[in-house]
Amino acid sequence: MGRYTKRIQFVLIGVFLIGVGVIVAQTQIPTIPDDFTCDMAELIFLQDDFQRLTDTFDSLYQENPDEALAMLYETGKAYQQLSLTCGYLPPDFASLASGTDLAIIMNALEGLNGDSIRGQLLYNNLEPSGTGDMLACSGCHQTGGTTAPMTEGTWTRWDEIHSLEAQFEAYTFAQYIAESIVHPDGYVVEGYMAGIMPNNFGERMTFQDIADIIAYLESQDQLLDE
């Protein structure tokens, strides 16, 4: 094989790799930086990044319609997350899956009233969540033992024990419970094991579900054993 032929092959391979790189760049999933603060300048800059991605839709659709539609879908989700991160709540927010961003959840909870009766039904697996899932909280918590802390006395343990711990100095009971639901291994009560409680409740519960569970657990104010 001659030197000229090899050179042409290298050029063709280079063009192919560049093309692949362009497609990958076009179909990347937009993300929100961890240190994003919703400052106006940051918001405009990030929105411009998202817009540049959607501007590739026409050309990408001609090459790969499925890839283009997937990109459009993921970009739409990113825009929604961006709005929620910056404090926007749509009219139907109570029925949306909560996700796992605690700041978004706490913002949503401020606009909701929890129903302790419905919370009890959800907790005891007598009614599905707003996403259609059975939660089965009582399966582990009602029996207590070594699996999970007992339901009974949940609020009292918060008031007399956990609220006094340094890591929860700025927390409310609602924030403590919400975080325990969507990030169950973020804090594990002494004497219990991590990795037992499912970590996908942010997908299986709506904002209203969380508000109702919190309202129910607030009623669990039984005295602690001496």
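The values are calculated or read from the model by the stated rules, or taken from the named source; none is laboratory data. Predicted, not measured: the structure shown is a model, and the values here were computed from it. Glycine also receives a Cβ, built like all others from the backbone with ideal geometry; neighbour counts cover every protein chain displayed. In case anyone asks, the SASA skips ligands and DNA or RNA and just uses the protein heavy atoms, side chains included. Shrake-Rupley method; radii C 1.70, N 1.55, O 1.52, S 1.80 Å.
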Q. Does at least one position in segment 53-66 carry a residue that is in a loop (DSSP other than H, G, I, E, B) and closer than 19 Å to GLU179 by Cα?
A. no
Q.
Condition check: out of contact with any Ser or Thr (no Cβ under 8 Å at 6 or more places or on another chain), open to solvent by less than 60 Å² (accessible area, probe 1.4 Å) and among the β-branched types (Val, Ile, Thr). Does THR172 satisfy that?
A. no
**Q.** Those residues of segment 187-208 which are closer than 21 Å to ASP133 by Cβ and out of contact with any strand residue (DSSP E or B) (no Cβ under 9 Å at 6 or more places or on another chain), in sequence order
**A.** GLY195, ILE196, MET197, PRO198, ASN199, ASN200, PHE201, GLN208
Q) For MET106, are the conditions met, namely being among the hydrophobic types (A, V, I, L, M, F, W, C), open to solvent by 30 Å² or more (accessible area, probe 1.4 Å), within 26 Å of SER219 (Cβ to Cβ) and more than 15 Å from the chain's Cα centre (by Cα)? A) no
Q.
Just to be sure I understand the filter: pairs with C-beta atoms under 6 Å, separated by 6 or more residues or on different chains, first member in segment 103-120 and closer than 10 Å to ILE214 by Cα and modelled with pLDDT of 95 or more, second member open to solvent by 50 Å² or more (accessible area, probe 1.4 Å) and not hydrophobic (A, V, I, L, M, F, W, C). Which pairs pass?
A. SER116/SER219
Q: May I ask you to say which residue of LEU46, LEU53 is surrounded by 12 or more Cβ atoms within 10 Å (Cβ to Cβ), modelled with pLDDT under 95 and in contact with a Pro (Cβ under 7 Å, 6 or more places away or on another chain)?
A: LEU53
